[in-house]
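Peer 1: Input: one structure, supplied below.
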Amino acid sequence: MAYLKTLIINFMRTKYFSVYLLAIAVTTIAVSCFPKDDVLYTGPSIVEFKNYTLGQLSANLTTKGVSTAAADAQTDSTRAVRVNLRVTDTVLVQLVGPQRSTDISIDFSVRSTSTAIEGTHFNFRPAGARTVTIPANSSVGYILLDMVPNSVTSGSVRVQMDLLGSSSILPSKNYHAFFVTIKP
């Protein structure tokens, strides 16, 4: 213990200690002058798709029936699922803006160019739904796609969805489309 005390006292007497203290002081002053980052969204309320599985570990996704093959790389607006492993796929719709005190109904459509056929490869829950509800005092709602087992035996099919919004909330210009590829 006495050795450590002597070592510290000798270090404090050196010119390096003064340089060390000066570096700490300059860094503290420089960092304290940074402006406060304001991360509040102040634009109009919008809705958008969000791929909540993006960034999750491959091992976790594989057990949930989400394909992690290099050819099926996920993006903000795409996901590939295995028809016999993923019983229900949930597509998250997010409200960007203040939460509402009442439920919000958001319309969506399925593109005519989709190769997946509703009733053959998947079913919306409830059947035929083209509206997703964001509950009161919440920022998210889910579109549920129930997979039809063994409906894809080779290749893949794709569901292409577009958010249409509501009378008071428009869809995001950047994240209004979402694609779910269904594979065997």
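The values are calculated or read from the model by the stated rules, or taken from the named source; none is laboratory data. Small disclaimer: the values here were computed from a predicted structure and weren't measured. Positions of Cβ are generated from backbone atoms using ideal geometry, with glycine treated the same way; all protein chains shown enter the neighbour counts.
Peer 1: Residue 68 versus (1) surrounded by 12 or more Cβ atoms within 10 Å (Cβ to Cβ); (2) closer than 19 Å to residue 162 by Cβ; (3) not basic (Lys, Arg): which is the lone unmet condition?
Peer 2: Result: residue 68 fails condition (2) only.
Peer 1: With the condition being of a type in the set (S, T, N, Q) and out of contact with any helix residue (DSSP H, G or I) (no Cβ under 8 Å at 6 or more places or on another chain), I'd like the strands (runs of 3 or more DSSP E) fully within region 88-143 carrying at least 3 qualifying residues. Explain how you work it out, then say what you get.
Peer 2: Values: elements: 88-96, 104-110, 122-125, 131-134.
Filter on region 88-143 gives 88-96.
Peer 1: Quick check on this structure: which one of 166, 105, 156 is touching a residue at least 24 places away in the same chain (Cβ under 8 Å), hydroxyl-bearing (Ser, Thr, Tyr) and in contact with a Lys or Arg (Cβ under 9 Å, 6 or more places away or on another chain)?
Peer 2: Step by step, each of 166, 105, 156 is checked, and only 156 is touching a residue at least 24 places away in the same chain (Cβ under 8 Å), hydroxyl-bearing (Ser, Thr, Tyr) and in contact with a Lys or Arg (Cβ under 9 Å, 6 or more places away or on another chain).
Peer 1: Here is a further query. I'd like the residue in region 83-125 that is among the charged types (D, E, K, R) and at pLDDT 95 or above and, out of all such residues, is farthest from residue 162 (Cα to Cα).
Peer 2: Within region 83-125, the match that is farthest from residue 162 (Cα to Cα) is 100.
Peer 1: Next up: Of all residues in region 27-52, how many are modelled with pLDDT of 70 or more and hydrophobic (A, V, I, L, M, F, W, C)?
Peer 2: 6
Peer 1: Between a first residue in region 129-140 that is in the same structural domain as residue 119 (by TED's automatic domain parsing) and free of Cβ contacts under 8 Å to residues at least 24 places away in the same chain and a second residue that is not in a loop (DSSP other than H, G, I, E, B) and not small (Gly, Ala, Ser), which pairs have beta carbons less than 9 Å apart while being 6 or more apart in sequence or on different chains?
Peer 2: Close Cβ pairs (under 9 Å, with a partner that is not in a loop (DSSP other than H, G, I, E, B) and not small (Gly, Ala, Ser)) amount to 129/108; 129/143; 129/144; 130/107; 130/108; 130/110; 130/124; 130/164.
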